[in-house]
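Peer 1: The structure's right below; bear with me while I get my questions together.
The values are calculated or read from the model by the stated rules, or taken from the named source; none is laboratory data. Quick caveat: nothing in here was measured; it's all calculated off a predicted structure. Cβ placement follows ideal geometry from the backbone for every residue including glycine, while neighbour counts extend to all protein chains displayed.
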């Protein structure tokens, strides 16, 4: 199984098979519009513009499970991303990434790359430890802007916790795009 075996819903409600991305590396990100990490949209867009011609796709999945930081409708989220950050990479339908309603793609991503969330994450680790301690040491997504990198074959290579910026994954991207 790879990410190519999943079908997701676009921001306008249409089904989209991730097999459409076969042959391209894919960075999958759970995003939010009202988060302290929302400025990462800028870095993600810059990364997308710099690497899409070399075979990288970035796809965003809005999620409102963390502090209610993505309360808008799909249309409002699309508008926000376009007007505030000039996002051109696809932003899909709002989903859940944890719990019984978690999107199957994110359940799969979590099992393939459980993460390494710990004190090195800084203030966000302290916040999660204080507010959601039961998630520490699990494969659950801890916060908005968790990123998963899949290679051109759809195999999940790595998970990047929320505080890892798009610029900090450049070395891994170069290897996958080579």
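Peer 1: Give me the strands (runs of 3 or more DSSP E) completely within segment 1-69, filtered to those with at least 3 residues that are touching a residue at least 24 places away in the same chain (Cβ under 8 Å) and buried (at least 21 other Cβ atoms within 10 Å of the Cβ), ordered by residue number.
Peer 2: 25-31, 56-62
Peer 1: Looking at segment 34-49, which of its residues are at pLDDT 95 or above and either under 22 Å from residue 102 (Cα atoms) or over 16 Å from the mean Cα position of the chain (by Cα) (or both)?
Peer 2: 49
Peer 1: Which of the residues belonging to segment 147-178 are modelled with pLDDT of 95 or more and assigned to a loop (DSSP other than H, G, I, E, B)?
Peer 2: 151, 152, 153, 154, 155
Peer 1: Of all the residues that make up segment 144-166, how many are in contact (Cβ under 8 Å) with a residue 60 or more places away in the chain and farther than 14 Å from residue 37 by Cα?
Peer 2: The qualifying residues number 9.
Peer 1: Kindly list the number of the only condition in (1) in a loop (DSSP other than H, G, I, E, B); (2) over 19 Å from residue 162 (Cα atoms); (3) over 16 Å from the mean Cα position of the chain (by Cα) that fails for residue 88.
Peer 2: (3)
Peer 1: Name the residue that is modelled with the highest pLDDT, counting only residues in segment 111-136 that are closer than 16 Å to residue 164 by Cα and in a loop (DSSP other than H, G, I, E, B).
Peer 2: 113
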